[in-house]
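Pasting in a structure now, in structure tokens, and then I'll have a few things to ask.
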């Protein structure tokens, strides 16, 4: 079976415009959540989010590109450029045919939908821009990445709500492992911070009005974020032959379905995904020293996730660290697993565990070491990254140092 | 509309529980009536629409919300309060 290594990473999110800025913010426990700024925000009851503030598309893209690229595609292309530049790869000939793109997103071009619904329903216009469909479709980002970098292998988009990115990265890994591709560009993106995007979430009454405090007894809901993270997954021998710098190895992946409830999480479903990822990685539970939690800050997720970790790890659950970086970059829905993988790679490469900020009060139902408020220096060799989606679809990745 | 607030709230809860309004008792909890978390959120939405009010309720912390959902009677009282506040 082929081995998979990561040879590039890129991002843009509320914590930073690139990987170094983002990791610095994570080390410092910086919060990217603030007042939302967009049209009609005064008609919302939820007015906070982890928004990429001060972002001007015109600084990066020309007029024709902006006409075709929704915000989620723009974020993806910015992150992909950083990742592919770091990898040093150029795609042509046989490598181009054996390289693809699998990305996660939940909402796709939500801003495009929002703007055009407003235009036809509220403003009563009877004509929309001709590119609305190619701009809003969920696979637009993956397709533009394939076009920009000449990637002609297997390419598609995965939409499994909050687990989209983890499912996408799991697919990318399995394709390389099975010999279907040598290089996969993978990760995810979300740009749902617009009136319609938040209004829909308000309805479920699971959002916090003031802060994201995962695992804290006084947590009162999730806070949305936006942005993207993209990685270069590469077959190990291919990376070695060209002397590429290897950031980490992707060693395991598992996915499960709760088959139970459309919104409530299940301990068993989550636990089976965690155990499955370790089994796939041939990793003993005792080796895992850090888990990047799904940790949404909702009452239901955090206690279920802690119970699942206790179930999967037994006594070792008390010895490992589990933090939710959503407290800093918000919940990027379909893009969240990708941004969270940055924290996993930082743990493996730099021995820095990103904290769960906003932590104020211990909760007996979340009695694990959640690395409260302050980053920690610990040498780490094996990590997991959890994602548990609405609909009961769970996806867990396992990584090791290389 | 001649129905009292109580009648209208009970009608909304009964519909959610798939019961006749006459089978809903004031001292019952939503759990007694078989209404789960999604059913609760849907009932609150129906109440907001019916009375044109905004109900302060966060599913993360139902017990701490200002809106008391501990029984059918408490929900009716809370709705009456919100309707009165709005009229004031």
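Principal axes first, then extents: for the Cα atoms of region A:1-68, list largest minus smallest coordinate on each axis, whole Å, largest first.
Each principal axis gives a Cα extent; for region A:1-68 these are 53, 38, 25 Å.
Give me the Kirkwood hydrodynamic radius of chain B in Å, from all C-alpha pairs, to one decimal place? Present the calculation step by step, with values, prior to reporting the outcome.
Details: mean 1/r = 0.0771 Å⁻¹.
When all Cα pairs of chain B are included, the Kirkwood radius is 13.0 Å.
Below 8 Å between Cα atoms, with a sequence gap of 6+, how large is the relative contact order for region A:179-299 in percent?
Details: 127 pairs, mean separation 37.3, N = 121.
So the answer I get is 31 percent.
Expressed as a fraction of 2.2 N^0.38 Å, the rule-of-thumb size for a compact globular protein of N residues, what is the C-alpha radius of gyration of region A:208-259?
On the way: Rg = 18.9 Å, N = 52, 2.2 N^0.38 = 9.9 Å.
Taking N as the residue count of region A:208-259, the ratio is 1.92.
Among A:397, A:15, A:44, which comes first, then next, by fewest other beta-carbon atoms within 10 Å? Could you put the intermediate results ahead of the total?
On the way: A:397 30, A:15 26, A:44 17.
Listing A:397, A:15, A:44 from fewest to most nearby Cβ atoms yields A:44, A:15, A:397.
What shape does region A:259-402 take by its C-alpha gyration tensor, where a ≥ b ≥ c are the square roots of the eigenvalues and a/c under 1.5 counts as rounded, a/b above b/c as prolate, and the rest as oblate? Spell out each step's value before the answer.
On the way: a/c = 1.35, a/b = 1.14, b/c = 1.18.
Rounded, since a/c falls under 1.5.
Please work out the Cα convex hull volume for chain A and give it in Å³ per residue. Walk me through the intermediate numbers first.
On the way: hull volume 50.1 nm³, N = 402.
Dividing the Cα hull volume of chain A by its residues yields 125 Å³.
What does a probe at residue A:62 reach in region A:109-145, counting residues whose amide N is under 19 Å from the point 7 Å along Cα→Cβ?
A:131, A:144-145
Pairwise over distinct Cα atoms, reciprocal of the mean inverse distance: report the Kirkwood radius of region A:193-311 in Å, one decimal place. Before the final figure, lay out the partial values.
On the way: mean 1/r = 0.0582 Å⁻¹.
After inverting the pairwise mean of 1/r, the radius is 17.2 Å.
Over region A:93-242, one equal point on each Cα, no solvent: what is log10 I(q)/I(0) by the Debye formula at q = 0.09, 0.12, 0.13 Å⁻¹?
-0.39, -0.64, -0.72
Continuing with this model, one more query. Would you mind ranking A:115, A:360 by Cβ crowding within 10 Å, fewest neighbours first? Please report the intermediate quantities before stating the final value.
Working: A:115 20, A:360 12.
Least to most surrounded, the residues fall as A:360, A:115.
For a footprinting-style exposure proxy, rank A:283, A:264, A:328 by other Cβ within 10 Å, fewest first. Before the final figure, lay out the partial values.
Working: A:283 20, A:264 15, A:328 29.
The most exposed by this proxy come first: A:264, A:283, A:328.
Under the classification rounded if a/c is under 1.5, otherwise prolate if a/b is larger than b/c and oblate if not, where does region A:148-196 fall, given a ≥ b ≥ c as square roots of the Cα gyration tensor eigenvalues? Intermediate values should be presented prior to the final figure.
Working: a/c = 3.56, a/b = 1.81, b/c = 1.96.
Cα axes put region A:148-196 in the oblate bin.
Taking chain A as a Gaussian network, where each spring joins two C-alpha atoms under 10 Å apart, which residue of A:273, A:299, A:191 fluctuates the most?
A:299
Counting DSSP beta bridges in chain A, what percent are antiparallel, to the nearest 5?
If we restrict to bridges inside chain A, about 65 percent are antiparallel.
Additional query: Please give the direction-averaged projected area of the C-alpha convex hull for region A:278-339, in square nanometres with one decimal. Could the numbers behind the result be given before it?
Working: hull surface 18.8 nm².
Result: 4.7 nm².
Right, something else. Give the shape of region A:1-140 as rounded, prolate or oblate, defined through the alpha-carbon gyration tensor: a ≥ b ≥ c are the square roots of its eigenvalues, a/c under 1.5 means rounded, and otherwise the shape is prolate if a/b is larger than b/c and oblate if not. Before the final figure, lay out the partial values.
Values: a/c = 2.38, a/b = 1.32, b/c = 1.80.
Here region A:1-140 falls in the oblate category.
Report the FRET efficiency, 1/(1 + (r/R0)^6), for residue A:284 and residue A:39, where r is their Cβ-Cβ distance and R0 is 56 Å, rounded to 0.05.
On the way: r = 52 Å, r/R0 = 0.93.
Efficiency, rounded to the nearest 0.05: 0.60.
Now for a different question. When only C-alpha pairs under 8 Å and at least 6 residues apart count, what is the relative contact order of chain A, in percent?
Numbers: 1106 pairs, mean separation 96.3, N = 402.
About 24 percent, as a whole number.
Which FRET efficiency value, to the nearest 0.05, do you get for residue B:66 and residue A:85 by plugging their Cβ-Cβ distance into 1/(1 + (r/R0)^6) with R0 = 45 Å?
Details: r = 52 Å, r/R0 = 1.15.
FRET efficiency, residue B:66 to residue A:85: 0.30.
Once the Cβ-Cβ distance between residue B:7 and residue A:53 is put in as r, and R0 is 56 Å, what FRET efficiency do you end up with, to the nearest 0.05?
On the way: r = 49 Å, r/R0 = 0.88.
Efficiency for this residue pair is about 0.70.
Laboratory data are not the source of any read-out in this text; all were calculated from the coordinates shown. As the structure is a computational prediction, the values presented were derived from the model and not from experiment. Positions of Cβ are generated from backbone atoms using ideal geometry, with glycine treated the same way; all protein chains shown enter the neighbour counts.
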